[in-house]
Structure formats: C-alpha cells, structure tokens
Amino acid sequence: MLIYRRLLNILLITTLIGIISGGCAPANGSRKTQLVIFAASSLIVPFTDVEKAFEAQHPDVDVQAQFHGSIQVIRQVTDLHVPIDVIATADASLVPMLMYAMNDPNTGKPYANWYLRFATNNLAIAYRPDSKYANEINADNWYEILSRPDVKVGITDPRFDASGYRALMVFALAQEYYHNTDIFAHMFKGKFTFPLAFFREAGQTTITVPEILETAPGSNIVLRGASIEEMDLLESGDIDYAFEYESVIQQHQLQMVHLPDQLNLGADHYASFYRQVEVDLNFQRFATVKPQFTGERIGYGITIPSNAPHPDLASEFIAFLLGADGRAILQSDHQPLFVPAIADKYANMPVALQALSAPPNSP
C-alpha cells in the first residue's frame, strides 16, 4: 500500500475543507479551533499518530496537518505567508537561516526567534527485495550499484528537501571514506541538463546546485519534491532505490542499506568529518538569504511562527509532542529523539517548553 500518498491526500483534503468552511462544526453547533501544522514529509507517520492522540485529549481542537519538503515547509510562512501555528522541519538549521533572517512585512519582526532541535535520524538507502541487484548491494559497494545506468535511483530535490541535499553530502563524504575520488562524478556527471558543480580544496568540498535542476534524457536519477513521492515510486516498482531516513524505511517495512556512521549523518562523534562538505543552492528563490548547508548531525527543528494564529495552543501541542505520551508515539514509529530537546534562543521560548528542553551544551 502507498501509505504516504493516501495519508497525504486525506490530510490535504481535510485541510482544504477546513480552510473553506472556516472550521469543523460539532453536533452542538460550536466550532473547533483549527491548529495548522506544516511539517517535513518524513514526519507524516509519527505526526499523524500524535495528532490523533492530541485531539483525543483536546476534543475542541482540529489539527490540520500538511507535509512537504523541509524548505517548502518554511517557504509556506516566509514566501507564501500562510497562517501556520507550528513548523517542523527535518533540518533545524533552516529555522535561523530562513525565519530568523526574514521579517514578517505586517509586523516587521522575524518570522521566528527560537526553535527546538527535537529529533534526529540516520540517512540510509531503501529498496525492495526485487530491486535490481538487491542480492549484491551492501555498505561497501552501494555507490557502485547505484551508479549503474540500468538502476533507477530516487533522490529528493535538494532545492526543496533536506534529504536531497543530504544525499549529495553522502556521495561527497563517501569519496573521502572509501578513498575513491570518482564516486561523485560516476553518480552525477551527465545526469542533469545543468550540472552540479563539485569543488574540493584544502580539505573542504563544496557542491553547488544550479537554479534549474532537471534530469537529462536517459538519466537513472529520479527527482521528486519530497520523500512521500519517492516512497510511492519505490513501492510501486518505478525506482529501485531511494535515499531516505531510517525511520521512514522502517515505517514502510522496506529493505535497507545501513550506511557507515561516517556517512549516515547521524553520529555526533563524526561531526568534524561531516563538516568537510557543504551544499550551496545557487538560485534566486530566496530574496534576502543564500541557503548554504554544512554537513552536520541530522537534527529536526520545531518552532511557532511569530504570526501564528494560535500560539498558546501551538505551545500545548509541542509540549504534548515532547512529553511522555508524544515521545512514546514517536519512538513506536521508529523516530529517534533528543531528550531533552535542544533549545536555540532558550530565553525566547514559551515558559511551558523551557521545562521540556535545555540550552546547547547543558550538563
């Protein structure tokens, strides 16, 4: 079953109905308060389960959730000015980069002035038992298998989604880990109409993503905007492999190549190794900032936009998410967490969330 697509369709339809009607009216004629949440698509399964549990404890609340690539989630607030109560992204660094640095034109204030790094993950390679060369692929040869022209590989678009630019980082790091300087070129050279730029100097690698990123005819790479779409293609047999987070692969009960800790972007003790690669997004989609991502341990970020319609209720939702019930749900859905959550701009946070978090480097 294509779990992600069906869940997404239900959530999108529900959200549209809610927006049009202005609320969900119970039998007694009163209206529920709509709490709008935009989150990274890799969170669709755990957040859908958290939504059900939160609504069960708050019968007067109707959670309206949408899921997109992480950059697209942020842009719903900063570029499209959608009124959103909670933002959750697969890359916490997007919040200061795109929300601290941009002001709401109606208030002149930044779209956010704090966030919590609440969850982590490992990047891995998902596949089916009948994927091409499934009986051969392993942690030592995956890059050679994926570069074969008859193998279809799904990568989310790095212009919109964190797992996309993280996949590019993995290939750059793999060159150093396996001592093979041809890995990146074998995978990506000639695969796009406008090439990715790859430059290494003084121990630092920079990958530049062009403004227009589309696959060339005959390319074995399949780009999509979010992992929801990649999982659909993998489950339907349209692609053989996809870069995805381990939690999502486990949720779908798919086969997995576990990448070494030096490559999976999930091990804190390899932070310095990760930092030797960065990805630049070379396009004008963002008017005032230039997105640039340095390799680091994966950290999911969550915040309440400064123009959120229901900030107090949003704080309640995040407190539920970080509390015992929410943590149990996320863990049952294979989503690894930071406990306590790590706060940026701790003093700016709602008081209720300070008790569930800690500033960086706290004992």
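Calculated FRET efficiency, L80 and F194, Cβ-Cβ r, R0 45 Å, to nearest 0.05?
With R0 = 45 Å, the Cβ-Cβ based efficiency is 0.95.
How big is the antiparallel share of DSSP beta bridges in the chain, given as a percent to the nearest 5? Working shown, then result.
On the way: 29 of 53 bridges.
Looking only at bridges with both residues in the chain, the antiparallel portion is about 55 percent.
Would you mind computing, in nm to one decimal, how far apart the modelled labels at N180 and D150 are, each placed 7 Å from Cα along Cα→Cβ?
1.9
To check you understand DSSP bridge types, tell me what percent of the beta bridges within region 173-317 (both residues inside) are antiparallel, rounded to 5. Don't skip to the answer; put the middle values down first.
Values: 9 of 14 bridges.
Looking only at bridges with both residues in region 173-317, the antiparallel portion is about 65 percent.
Taking 19 Å as the cut-off for C-alpha to C-alpha distance, list the pairs among K189/K290; K132/K152; K290/K345 that go past it.
Table pairs above 19 Å Cα-Cα are K189/K290; K290/K345.
Consider a paramagnetic label point 7 Å from the Cα of T33 along Cα→Cβ; state which residues of region 291-335 have an amide N under 17 Å from it.
Of the residues in region 291-335, 304-321 have backbone N under 17 Å from the label point off T33.
Take the Cα gyration tensor of region 123-281, multiply each eigenvalue by 5, square-root it, and list the three semi-axes largest first, rounded to whole angstrom.
22, 18, 15
If you take every residue apart from T206 with its C-beta less than 10 Å away from the C-beta of T206, what net charge results, scoring Lys and Arg +1 and Asp and Glu -1?
Within the 10 Å Cβ shell, the charges total -2.
Give me the extension gain from A216 to N103: residue separation times 0.36 nm, minus the current Cα-Cα distance, reported in nm with one decimal.
Result for the pair: 36.9 nm of gain on full extension.
When Lys and Arg each count +1 and Asp and Glu each count -1, what net charge do the other residues less than 11 Å away from K32, Cβ to Cβ, add up to? Provide the component values of the computation, followed by the final result.
Numbers: positive: R31; negative: E55, D60, D62.
In short, -2.
Using only Cα atoms, find the angle between the long axis of helix 44-57 and the longest principal axis of the chain, and express it within 0 to 90 degrees, rounded to the nearest 10.
Approximately 10 degrees, to the nearest ten.
In 10 Å bins starting at 0, how do the alpha-carbon pair distances of region 41-194 split up by percent?
Calculated P(r), rounded to whole percents: 8, 29, 29, 21, 11, 2.
Grab the beta carbon distance between A271 and E55, set R0 = 51 Å, and tell me the FRET efficiency rounded to 0.05.
The pair A271/E55 has a calculated efficiency of 0.85.
Quickly rank 300-312, 154-166 as a protection proxy: mean count of other C-beta atoms within 10 Å, highest first.
Ranking, from highest mean packing down: 154-166, 300-312.
Pulled fully out, how much extra length does the chain show between T206 and K132, if you take 0.36 nm times their separation in residues and subtract their Cα-Cα distance? Please list the in-between numbers first.
Details: separation 74, 0.36 × 74 = 26.64 nm, distance 3.13 nm.
Gain in length upon complete extension: 23.5 nm.
Please compute the contact order of the chain in relative form: average sequence separation of alpha-carbon pairs under 8 Å and at least six residues apart, divided by the residue count, as a percent.
25
Just so you know, all these numbers are worked out from the coordinates, no wet-lab data involved. Keep in mind that what you see is a predicted model, and the values were worked out from it rather than measured. All Cβ positions, even for glycine, are placed from backbone atoms using ideal geometry, and neighbour counts span all protein chains on display.
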